[in-house]
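All remarks here apply to the structure that follows.
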Amino acid sequence: MAVSMPRAERRARRARHRPMSDINVTPMVDVMLVLLVIFMITAPLLTVGVPIDLPRTKAAIIPGQDEPLTVSVDAEGRVYLQETEIELGALAPRLVAIAGNNPDVRIFVRGDRAINYGRVMQVMGSVNDAGFKRVGLVTESQGGALSAPSVEKKAQ
């Protein structure tokens, strides 16, 4: 004896067991928020990898959209371009090669608190000889944030 189901019941049964075509974005949003927090915490730590004890000042933080080139002088007097150690004589040609024909690139000079003032001035002189006009000395503000009072030199 065969029992036949009415058509309405068969349609209802098929409708209940259809695969869901919506995408569940909740796990993706959770992962993105975790990655955002991780990058927010680690990004300030990745600015420059040369450990330098910067002098403290009350200078304000200079805003800027472009990423500046950083020249660092550590406590032993070694010069670094970004994170790579470089000889002082090779600094100017390397800066020109990186910046190309753009003398308006911002260059930040970071000098250790214990370094001789003359060594920092040698580095700044080398940057100036390369033709760069926007040079700033990076210090640490009273609150612990980095600040760079910009030194803009007029082209003669």
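When you count the other C-beta atoms within 10 angstrom of each residue and take the mean per peptide, 100-106, 20-26, 88-94, 74-80 line up highest first as 74-80, 88-94, 100-106, 20-26. Taking a Cβ cut-off of under 11 Å around R78, the surrounding Lys, Arg, Asp and Glu residues balance to a net charge of -4, with basic ones at +1 and acidic ones at -1.
Only the coordinates and a few stated rules stand behind these numbers; no lab work does. Please read all numbers here as calculations on a predicted model, not as lab measurements. We place every Cβ from the backbone using ideal geometry, glycine too, and count neighbours over all the protein chains shown.
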